[in-house]
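Every read-out reported here was derived from the displayed coordinates using simple, explicitly stated rules and does not represent laboratory data. All of these numbers come straight from a predicted model, not from anything done at the bench. Please note: Cβ atoms are built from the backbone with ideal geometry, for glycine as well, and neighbour counts cover all protein chains shown.
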């Protein structure tokens with residue numbers, strides 16, 4: 001399971017992306033799971049089982065606890081590490097899995113660069129957001145917007161958010177210029193969640209690794 005990308009801010013603040021190439025048995029041989037995890041694992045399809053196992057092994061490695069970190073889900077479906085206060089988030093796309101650990105609320109999303117994103121853009125962007133996207137960058141910006149909103153949604157972790165109304169990603173012309181120049185540096189921008197009286201702002205980062213966009217959010 002080769003590590004494609006790793007970012008370390010501190011011992012408790014890390015992110016990573018892995019490309020899954022191993023058989024399911026590779027992960028089963030290296031993980032210790034409790035009854036709750038085994039029950040969740042057994043309900044998944046073969047493909048989802050491998051993604052599920054790979055994400056757990058990646059979390060364990062990022063935590064420097066190679067096989068024994070137990071991951072459960074709360075009542076909203078947000079994953080957490082048992083007996084730990086660290087925040088985690090997980091994402092899958094094709095044969096890639098990504099994860100982030102943070103003392104602050106955080107979310108992560110990995111997406112393969114595919115054109116079909118244009119068909120669902122209206123589901124997560126409002127008309128103002130759609131009209132602000134330069135036509136020559138449409139696919140990439142749509143993927144970035146989707147990844148950013150997914151990362152924000154996962155950081156929030158309580159569901160019941162409407163992507164077009166409650167989640168805002170603040171992309172500007174300078175970010176579009178960075179995309180036009182094919183800069184190798186991560187795209188740095190801001191975003192926030194606002195619903196009724198609730199408000200949280202986040203730092204966002206997006207980088208392209210191969211044919212995949214990796215986006216993560218960290219609460220201010």
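Side notes on the structure shown:
- Classification of the range 3-103 by its C-alpha gyration tensor yields an oblate form. The axis ratio a/c (a ≥ b ≥ c) is 1.5 or more, and b/c is at least a/b.
- Taken over the chain, the ratio of Cα radius of gyration to 2.2 N^0.38 Å equals 1.01.
- As a proxy for reagent exposure, ranking 13, 72 by other Cβ atoms within 10 Å from fewest up yields 72, 13.
- With Cα atoms, 0 to 90° folded angle of helix 46-62 axis to the chain main axis: 90 degrees
- Mean separation of Cα contacts under 8 Å, 6 or more apart, over the residue count of the chain: relative contact order %: 17 percent
- Using alpha-carbon coordinates, inclination of helix 138-156 to the longest axis of the chain, degrees: 50 degrees
- Scattering profile of the range 109-219 at q = 0.17, 0.19, 0.22, 0.24 Å⁻¹ [log10 I(q)/I(0), Debye over alpha-carbon scatterers]: -0.77, -0.97, -1.32, -1.56
- Note on 27, 80: ascending count of other Cβ atoms within 10 Å places them as 80, 27, the fewest first.
- Exposure proxy ranking for 9, 146, based on other Cβ atoms within 10 angstrom of each Cβ and starting from the fewest, stands as 9, 146.
- For the pair the range 91-167 / the range 13-89, the C-alpha centres are spaced 22 Å from each other.
- Cβ-Cβ FRET estimate between residue 28 and residue 48, R0 fixed at 22 Å, reported to 0.05: 0.90
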